[in-house]
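Laboratory data are not the source of any read-out in this text; all were calculated from the coordinates shown. Everything numeric in this text was worked out from a predicted model, so none of it was measured. Positions of Cβ are generated from backbone atoms using ideal geometry, with glycine treated the same way; all protein chains shown enter the neighbour counts.
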Amino acid sequence: MKDTGDVKYNPIIGSLSSRTGDRTQQSNQAVAEQCLADPALLMPIAEALSGKDNALVGDCCEVMALVAAQQPELVAPYTSLIVALLSSKTTKVRWEAMHAFSLAVHLVPETAVGMLTQLQAIIQTDKSVIVRDYATDALGNMARANREAAQSAYPLLREALLAMDGKHAGRALAGLCHVIASVPALAIEARAIAEGYLEHGKPVVRKAAKALAKACDKSSR
């Protein structure tokens, strides 16, 4: 069996975008579809996450995200490997890893709660808008897991509303909808937050605020 850098070669690895010279998402999408059909193929993808080839690692993170978008339970077992990449110096690796994590985080609440400080720092300081977006999504999605996770995510989502001059407000408001679903007692407080964004200048934020207000009203009945 030959090596690809420091990663043992597997045919599925050879089909990834960086290996085929594909500058689009198509090759990685095709690999993700194969993994969905045969989840055992995720094993070599996961093994490659610890490699030193950043292009390959980025491809593997993207495959994990594509799979997690449809069947997050297949990616959840590899969360520890994905989390280790959230501090990568390579932006694409960080954003694909955070995307994959955000989609599976509700299945690993204990891991998520242990990462709150890191997620908070990423939302406040990461130079990539995409990474910060997905980190905000991760907070919202962890709130889906259970009451404890939702209560832990709540104050950080409130902070995220103001992070980077409010660039992530829409996603933070969407995350608060998940908090309310898990902790209805916060509905009145969250409703007041939503009201502050109902006339926001950005349509996407207004839409998220209206959705949160509606969720709070329903929860309070």
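With an 8 Å Cα cut-off and a minimum separation of 6 or more residues, compute the relative contact order for region 109-221 in percent.
On the way: 169 pairs, mean separation 24.6, N = 113.
Result for region 109-221 is 22 percent.
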Calculate the FRET efficiency for V113 and A37 from the Cβ-Cβ distance with a Förster distance of 41 Å, rounded to the nearest 0.05.
0.80
Given only helices, namely DSSP H runs of n ≥ 4 each adding -39500 (n - 2.57), what is the per-residue ellipticity at 222 nm of the chain, to the nearest 500 deg cm²/dmol?
-20000 deg cm²/dmol
Along the positive direction of the dipole of region 25-164 (beta-carbon charges: Lys, Arg +1; Asp, Glu -1; about the Cα centre), which of L161, A76, H106 reaches farthest?
L161
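Run through region 1-92 and list the trypsin sites (Lys or Arg not before Pro) located in a DSSP loop whose Cβ has at most 15 other Cβ atoms within 10 Å. If you can, show how the numbers build up before the last one.
Numbers: sites: K2, K8, R19, R23, K52, K89, K92; in loops: K2, R23, K52, K89.
Those satisfying the criteria are K2, R23, K52, K89.
When the chain is fully extended, how far beyond the present Cα-Cα distance does A192 get from N146, taking 0.36 nm per residue of separation? Let's see the in-between values first.
On the way: separation 46, 0.36 × 46 = 16.56 nm, distance 2.30 nm.
Once the chain is fully extended between A192 and N146, it gains 14.3 nm.
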Within region 87-163, report the GluC sites (Glu not before Pro) that DSSP leaves as loop and that have at most 15 other Cβ atoms within 10 Å.
none
Residue span D22 to E159: 0.36 nm per residue of separation minus Cα-Cα distance leaves a gain in nm of 45.4 nm
Output the pairs from K167/K214; K89/K210; K127/K218; K92/K210; K89/K207 with a Cα-Cα distance over 26 Å in this structure; if there are none, say none.
K89/K210; K127/K218; K92/K210; K89/K207
